[in-house]
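A short write-up of the structure that comes next.
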Amino acid sequence: MQIVVVADVHGNDFALWQVLEAESSQHVFCLGDGVREYETVADANPDRTFHIVCGNCDWVGGHPTIGIDVLDGKRL
């Protein structure tokens, strides 16, 4: 299993798109500080699963501030 982990986009959605174009992982973990950008990219990539948490610079509701997921029996 491959995953992509991104954090601290802070409005640079161009960089986020570049990372996702370079990586073909099914699961993308977004660790905050760019929730709006993560949501936009997630909407445009319905074939991927996005795991999003809010960072200290995110003022958008609807996502947890901490999170733990289990994928293929591995706790992340």
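The values are calculated or read from the model by the stated rules, or taken from the named source; none is laboratory data. For clarity, every value in this text was computed on a predicted model and none was experimentally measured. Glycine also receives a Cβ, built like all others from the backbone with ideal geometry; neighbour counts cover every protein chain displayed.
General remarks:
- Check on I68, β-branched (V, I, T) and touching a Cys at 6+ places or on another chain (Cβ under 7 Å): no
- Residue list for the range 55-76, filter: closer than 16 Å to G11 by Cβ and either under 10 Å from the mean Cα position of the chain (by Cα) or of a type in the set (D, E) (or both): D58
- The numbered conditions (1) of a type outside the set (A, V, I, L, M, F, W, C); (2) modelled with pLDDT under 90; (3) within 11 Å of the chain's Cα centre (by Cα) are all true for T40 except (2).
- Pairs, first touching a residue at least 60 places away in the same chain (Cβ under 8 Å) and within 22 Å of L20 (Cα to Cα) in the range 49-76, second among the charged types (D, E, K, R) and in a loop (DSSP other than H, G, I, E, B), C-beta under 6 Å, six or more apart: L76/D69
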